[in-house]
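Below is one structure, written out as structure tokens; the observations come after it.
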Amino acid sequence: MLIDKKIEQIKSDFDILPGWEERYEYIISLGRNLAPLATEFKTDEYLVRGCQSRVWMRAYKKDEKVFYEADSDALITKGIIALLLAVVNGASIKEVANIDFGFLDDIGLKSHLSMSRVNGLQSMIKKIKSYYI
Amino acid sequence: MKKNIREQFKIFGNNPNLVYLDNGATTLTPDRVVKKMNEYYFDYNANIHRGGHHLGVRATESYEGVRVKVAGFINVDSKKEIIFTSGTTHGLNILAFGLRSKISKSDNIVLTRLEHHANLLPWQRLSRETGAELRFIELNDFEIDMDSAKSVIDENTKVVSIAHISNVTGTLVPVEKLCQMAKEVGAISIIDGAQSVGHRKIDVQKIGCDAFVFSAHKMYGPTGVGVLWAKEELLNTMEPYMLGGGMIDEANYNNFTAAQLPNKFEAGTPNISGVIGLGEAIGFVESEIDFEYENKLVDYAVAELLKISTSGGKNLRLIGPVNNTSSVVSFVIKAIHHYDLATLLDEQGIAVRVGHHCAEPLMGYLGIGGTVRISFGVYNDKDDVNKLIDSLDKSIKMISNK
């Protein structure tokens, strides 16, 4: 699926959720279902700096596509990771470089999340873009 | 709580549903403090201690008047022992820097395990630079272990620098006893009063310390201003941390002689409006705060929190002494990350603090990653606690998918 389409899909998923509770319950459920990162990658080397809950992230290339795996000790953070990975996984390096993560504003995340988490979000986005680029 | 207390804070009018439980980070500012600071800018904005005009005289009188007020507030006889700083951190840095010439390799500096970074890092540097040993008084069930204090404070101890109340656990440190122990070995005793001012009566003579530091913004005053009090004989032997305008007696191209106290430690134009605001905040604390009320509210909050731990096995654990006599209450809930809780609480209009609270070593020592901290102020009431508990319940349900 094209990245734009993936983003549109996420936006419409959130559009049908009426309030902050439903949105967070959805994010929490995404977090709960996020595939855990293998313990060998849960080390300082893979730690994303600038997040107030711990976030680990790795990336690998397969057939010129980029794939990410990430995890956190906080559930809501894991949910946000799931959203990010749903967009970026399987994209080309060029596509990843050009992704506009502004869609997170449109689903009302930023206004709902505390500043520290917003900063953490920026760190995760920076990390995603830092691989292979 | 006095009936009209919230009306004295415009911020509640502007944020009608706010439940503010982050007073340990900063207290809110009553209108009278803001008004007093505005007065300076609107009516007599001028630099102090200089200028031959009436605005400057008025500014100087206001600023120096606060020094007298502060002295009374913490029970100090001599106003020249009151140094205005930018806050507790600044005060502790002035002390650690100023004491450098008194510390040598064979000495030791004693802190407790629960210090804020502000009362740890300056001493770490001093220890690195002088070779003096840093020693820590251990905790026992979140209380100061007095046996440990007895074993670490010895005849080579030069400084004992300790928090009055922990900003993480709410532990009330037995400062009188520890200062007495410091005195017996000839060590200088320093109290970090950041979490105690505005929440209990401060009497430095009763505490028996040699120095006491605090911040205005944790006692309903403005940010960026604080106080360092130290005994005159101590201040006189300390090297000033900052040099510049206003702190000299004489200066030539090669040298200077420092001014008398307190100016020696107040180089540069100070935070004049901030100091004036602090003066008004002292008036607010003295006239509006019933410390007993706040203690009872904390007792109520702790009792209500503990009910959460027994309903449905949610396992709330207090990170602090059972008998908490401070305004700071920390807790963790088993299997729930504190950031998840804080995010959902924030969503429900409850302002709390989460994380390591600028005491990372303490987190490691206690074996936890962070806590949720609620901390009380003069405007909080049972209704705030009830809203917190309801919101916690709801957040726990959302996270546990129950």
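The values are calculated or read from the model by the stated rules, or taken from the named source; none is laboratory data. Since the structure is predicted, the reported quantities are computational estimates derived from the model, not experimental observations. Note: ideal-geometry Cβ built from the backbone for every residue, glycine included; neighbour counts use all protein chains shown.
Taking the stated definitions as given, is B:V175 touching a residue at least 60 places away in the same chain (Cβ under 8 Å) and either crowded, with 23+ Cβ neighbours inside 10 Å or over 20 Å from the mean Cα position of the chain (by Cα) (or both)?
Taking the combined requirement at face value, the residue does not satisfy it.
Looking for something of a type outside the set (S, T, N, Q) and without any contact (Cβ under 8 Å) to a residue 24 or more places away in the chain - is there at least one such residue anywhere in region B:377-384?
The first filter runs over region B:377-384 and keeps only residues of a type outside the set (S, T, N, Q), leaving B:377-379, B:381-384.
Checking which are without any contact (Cβ under 8 Å) to a residue 24 or more places away in the chain leaves us with B:383.
Yes - at least one qualifying residue is present in region B:377-384.
Of (1) in the same structural domain as B:N38 (by TED's automatic domain parsing); (2) closer than 20 Å to B:S326 by Cα, B:G274 satisfies all except one. Which?
The single condition B:G274 does not satisfy is (2).
Quick check on my filter: what residues within region B:348-388 are more than 9 Å from chain A (Cβ to nearest Cβ), in contact with a strand residue (DSSP E or B) (Cβ under 9 Å, 6 or more places away or on another chain) and at positive phi?
Hits for region B:348-388 are B:G349, B:H357.
For the structure I just gave you, tell me whether B:S330 is hydroxyl-bearing (S, T, Y), away from chain A (no Cβ under 14 Å) and in contact (Cβ under 8 Å) with a residue 24 or more places away in the chain.
Considered against the rule, which asks whether it is hydroxyl-bearing (S, T, Y), away from chain A (no Cβ under 14 Å) and in contact (Cβ under 8 Å) with a residue 24 or more places away in the chain, B:S330 comes out as yes.
So which residues in region B:45-86 are assigned to a loop (DSSP other than H, G, I, E, B) and not β-branched (V, I, T), if there are any at all?
B:N45, B:A46, B:N47, B:H49, B:R50, B:G51, B:G52, B:H53, B:N75, B:D77, B:S78, B:S86
Considering B:V185, B:V160, which residue is buried (at least 19 other Cβ atoms within 10 Å of the Cβ) and not basic (K, R)?
B:V160
Do any helices (runs of 4 or more DSSP H) lying entirely in region A:1-90 carry at least 1 residues that are more than 23 Å from B:S395 (Cβ to Cβ) and away from chain B (no Cβ under 13 Å), and which ones are they?
A:3-15, A:75-88
Out of curiosity, is B:L345 among the hydrophobic types (A, V, I, L, M, F, W, C), within 14 Å of chain A (Cβ to nearest Cβ) and either touching a residue at least 24 places away in the same chain (Cβ under 8 Å) or surrounded by fewer than 22 Cβ atoms within 10 Å (Cβ to Cβ) (or both)? Give the derivation first.
Working: among the hydrophobic types (A, V, I, L, M, F, W, C): yes; within 14 Å of chain A (Cβ to nearest Cβ): yes; either touching a residue at least 24 places away in the same chain (Cβ under 8 Å) or surrounded by fewer than 22 Cβ atoms within 10 Å (Cβ to Cβ) (or both): yes.
When the stated conditions are applied, B:L345 passes them.
Can you work out which of the residues in region B:93-107 that are small (G, A, S) and in a loop (DSSP other than H, G, I, E, B) is farthest from B:S215 (Cα to Cα)? Walk me through how you get there before you give the answer.
Kept after step one, since they are small (G, A, S), are these residues of region B:93-107: B:96, B:98, B:101, B:104, B:106.
Those left that are additionally in a loop (DSSP other than H, G, I, E, B): B:104, B:106.
On the way: B:S104: 30, B:S106: 33 Å.
Restricting to residues being small (G, A, S) and in a loop (DSSP other than H, G, I, E, B), the top hit is B:S106.
Hey, B:V168 hits all of (1) part of a strand (DSSP E or B); (2) within 13 Å of the chain's Cα centre (by Cα) but one; which does it fall short on?
The one condition B:V168 does not meet is (1).
Can you name every residue in region B:389-402 that is within 14 Å of chain A (Cβ to nearest Cβ) and in a helix (DSSP H, G or I)?
B:D390, B:S391, B:D393, B:K394, B:S395, B:I396, B:K397, B:M398, B:I399, B:S400
For region A:38-50, indicate whether the set of residues that are under 18 Å from A:I128 (Cβ atoms), small (G, A, S) and either surrounded by fewer than 19 Cβ atoms within 10 Å (Cβ to Cβ) or in contact with a strand residue (DSSP E or B) (Cβ under 8 Å, 6 or more places away or on another chain) (or both) is non-empty.
Yes, because at least one residue in region A:38-50 is under 18 Å from A:I128 (Cβ atoms), small (G, A, S) and either surrounded by fewer than 19 Cβ atoms within 10 Å (Cβ to Cβ) or in contact with a strand residue (DSSP E or B) (Cβ under 8 Å, 6 or more places away or on another chain) (or both).
Looking at region B:296-320 only, could you name the residues that are assigned to a loop (DSSP other than H, G, I, E, B) and either on the phi > 0 side of the Ramachandran plot or at pLDDT 95 or above (or both)? Reasoning before the result, please.
Filtering region B:296-320 for residues assigned to a loop (DSSP other than H, G, I, E, B) gives B:311-315, B:319-320.
The answer is B:G312, B:G313, B:N315, B:I319, B:G320.
Any idea how many residues of region A:57-70 are crowded, with 22+ Cβ neighbours inside 10 Å and without any contact (Cβ under 8 Å) to a residue 60 or more places away in the chain?
Qualifying residue count, region A:57-70: 1.
How many of the residues in region B:192-213 are touching a helix residue (DSSP H, G or I) at 6+ places or on another chain (Cβ under 6 Å) and under 21 Å from B:A281 (Cα atoms)?
Residues in region B:192-213 being touching a helix residue (DSSP H, G or I) at 6+ places or on another chain (Cβ under 6 Å) and under 21 Å from B:A281 (Cα atoms): 6 in total.
Considering only residues of region B:366-385 that are modelled with pLDDT under 95 and surrounded by fewer than 17 Cβ atoms within 10 Å (Cβ to Cβ), which is nearest to B:F136 (Cα to Cα)?
By that ranking, first place goes to B:G367.
Being surrounded by 22 or more Cβ atoms within 10 Å (Cβ to Cβ), of a type outside the set (S, T, N, Q) and either at pLDDT below 95 or over 28 Å from B:V225 (Cβ atoms) (or both) narrows it down to one of B:I83, B:I153, B:I144, so name that one.
B:I144
Is there a residue being more than 18 Å from B:G91 (Cα to Cα), in contact (Cβ under 8 Å) with a residue 12 or more places away in the chain, among the aliphatic types (A, V, I, L, M) and not in a loop (DSSP other than H, G, I, E, B) anywhere in region B:116-138?
Looking through region B:116-138, at least one residue is more than 18 Å from B:G91 (Cα to Cα), in contact (Cβ under 8 Å) with a residue 12 or more places away in the chain, among the aliphatic types (A, V, I, L, M) and not in a loop (DSSP other than H, G, I, E, B).
Cβ-Cβ under 7 Å, sequence separation 6+ or interchain: first residue in region A:18-44 and touching a residue at least 40 places away in the same chain (Cβ under 8 Å), partner in a helix (DSSP H, G or I) and exposed (fewer than 14 other Cβ atoms within 10 Å of the Cβ). Which pairs?
Sorted first by the residue in region A:18-44, then by its partner, the list stays empty.
Would you mind finding the one in B:S104, B:S161 that is among the hydroxyl-bearing types (S, T, Y) and touching a residue at least 60 places away in the same chain (Cβ under 8 Å)?
Just one listed residue meets the conditions, B:S161.
Given (1) surrounded by 15 or more Cβ atoms within 10 Å (Cβ to Cβ); (2) away from chain A (no Cβ under 14 Å); (3) more than 20 Å from the chain's Cα centre (by Cα); (4) charged (D, E, K, R), identify the lone condition not met by B:D299.
Only one criterion is unmet by B:D299, namely (1).
State whether one or more residues within region B:140-160 are in the same structural domain as B:A211 (by TED's automatic domain parsing), closer than 16 Å to B:S106 by Cα and part of a helix (DSSP H, G or I).
yes
Please determine whether any residue of region B:386-394 is surrounded by 20 or more Cβ atoms within 10 Å (Cβ to Cβ) and not hydroxyl-bearing (S, T, Y).
Checking region B:386-394: at least one residue is surrounded by 20 or more Cβ atoms within 10 Å (Cβ to Cβ) and not hydroxyl-bearing (S, T, Y).
Would a scan of region B:37-56 turn up a residue that is surrounded by fewer than 18 Cβ atoms within 10 Å (Cβ to Cβ) and within 22 Å of the chain's Cα centre (by Cα)?
no
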